[in-house]
Every structure is written in structure tokens, then in C-alpha cells.
Amino acid sequence: MIFINDLDEDINSNTLKFADDTKIFKEVRCSTDCSQLQADLDKLVLWAQKWQMVFNVDKCKGMHVGNWEDSRTYYMDERELSVVSYEKYLGVWISADMKCSKQSMYACNKAMKVLGMIKRTIRFKDMRVLLSLYKSLVRPHVEY
């Protein structure tokens, strides 16, 4: 078992950790904030080197949320981070414009796939059986 409790000790930005996934984020209002965020990314790389761990930089991405135009490029281990407009985190799609259309489409498509599976596989189409299947298999996707 690997413990990463000290990962964010000297980090000024906010961090979220879940299993092997770490998010670092900061409100950026000026170029000083950009520099601080880059310094925090550098500290993460140094932490990984100290503990002989490796970040998969190909999976590391940046996302600019909000109105302030941040054209700064961020780096980890001297490699440029790609900038994305949306990202899936713990099953929820987060978009740079903070609209929920991608998440809604994802949930709708998942629910439709389950409905199709029910239609193809259930031969006894009693109303109680279908309602029970809908409540237990389809509705959770839409409500989530």
C-alpha cells in the first residue's frame, strides 16, 4: 500500500485526491496566480521524484474555467500539458463552460442503452416487471 498523505504539504493550490487520481486547481486572476500554479505543479513533480513515483504526464491535462483568458501553458516534468474543454471526474463530466449538456447526454445515452437491453432480453412484458426494471436499472442513470 502506498500513502500519499504528504503529497499536498507544500502546495498552495487546492487538491482533490481519490484513489490514484489527483486534481490540483487554483483560482487564477493574474499572472502571479499562474506562476504559483506552475510552482505547485513543479513541487508535485519533485515529490514524485523523491518517492520514486512517476506521474503519467500524458494523462495530465489543464482546463481553464471561467471568463479570465489564461493563455499560459503549464508544464509537468518539462512536458507541456494539453488543454481540454471537458473532463470526466468520478463519473461526472465537467466542462470548461460549466454547462451540464455533456453530462445530460451521457446519462441519457446510458439510460437508453439499458432500456434497449431490457427491450431485447425481457420476454415477459408485465407492467409490474417492466416498472421494477425501470426503477432499478434505468432511473438511477437519469437521476445521478
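A short reminder: the numbers here are calculations on the coordinates, not readings from a lab. None of the values given here were measured: they were computed from a predicted structure. Counting neighbours? That spans all protein chains shown, and the Cβs are built from the backbone with ideal geometry, glycine included.
Given a Förster distance of 25 Å, report the FRET efficiency between ASN12 and ASP97 from their Cβ-Cβ distance, rounded to the nearest 0.05. Spell out each step's value before the answer.
Numbers: r = 26 Å, r/R0 = 1.06.
E between ASN12 and ASP97, to the nearest 0.05, is 0.40.
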Charge dipole (debye, nearest 20) of the chain; +1 at Cβ of Lys and Arg, -1 at Cβ of Asp and Glu:
1580 debye
With point charges of +1 on the Cβ of Lys and Arg and -1 on the Cβ of Asp and Glu, referenced to the Cα centre of the chain, which listed residue (VAL28, SER13, LEU90) lies farthest in the positive direction of the dipole?
LEU90
Can you give the angle from 0 to 90° between the axis of helix 31-50 and the longest principal axis of the chain, with both taken from C-alpha atoms, to the nearest 10?
90 degrees
Once the in-chain neighbours fewer than 8 apart are removed, the lysines whose Cα is under 25 Å from LYS50 read LYS17, LYS23, LYS26, LYS59, LYS61
DSSP beta bridges in the chain [antiparallel fraction, %, rounded to 5]:
85 percent
Using alpha carbons only, how many degrees (0 to 90, rounded to 10) separate the axis of helix 101-121 from the longest principal axis of the chain?
30 degrees
Karplus-derived 3J(HN,Hα), 6.51/-1.76/1.60, for each residue of the range 51-57, Hz, glycine and proline x:
9, 6, 10, 10, 7, 7, 5
Mind sorting out which of [x] 2, 9, 14, 16, 18, 16, 13, 8, 4, 1, 0, 0; [y] 2, 10, 20, 23, 21, 14, 8, 2, 0; [z] 2, 8, 14, 16, 14, 11, 8, 8, 7, 5, 4, 2, 1, 0 is the real P(r) over Cα pairs in 5 Å bins from 0, in percent computed from the coordinates?
[z]
Partner lysines for LYS135 [C-alpha distance under 19 Å; skip if fewer than 8 residues away on the same chain]:
LYS110, LYS113, LYS119, LYS125
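With +1 on each Lys and Arg Cβ and -1 on each Asp and Glu Cβ, and nothing else charged, work out how big the dipole of the range 75-144 is about its Cα centre, in Debye to the nearest 20.
Values: 13 positive and 7 negative charges, 177 e Å.
Computed charge dipole of the range 75-144: roughly 840 debye.
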Under a plain spin-label model, where a point goes 7 Å from the Cα along Cα-to-Cβ, how far apart in nm are ASN5 and THR121?
4.3 nm
Points 7 angstrom from Cα along the Cβ direction at SER35 and LEU81: gap in nanometres?
1.8 nm
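Take each of the peptides 34-45, 104-115, average the number of other beta-carbon atoms within 10 Å over its residues, and list them starting from the highest. Don't skip to the end; give the middle numbers.
Working: 34-45: 17.2, 104-115: 14.6.
Result, highest mean Cβ count within 10 Å first: 34-45, 104-115.
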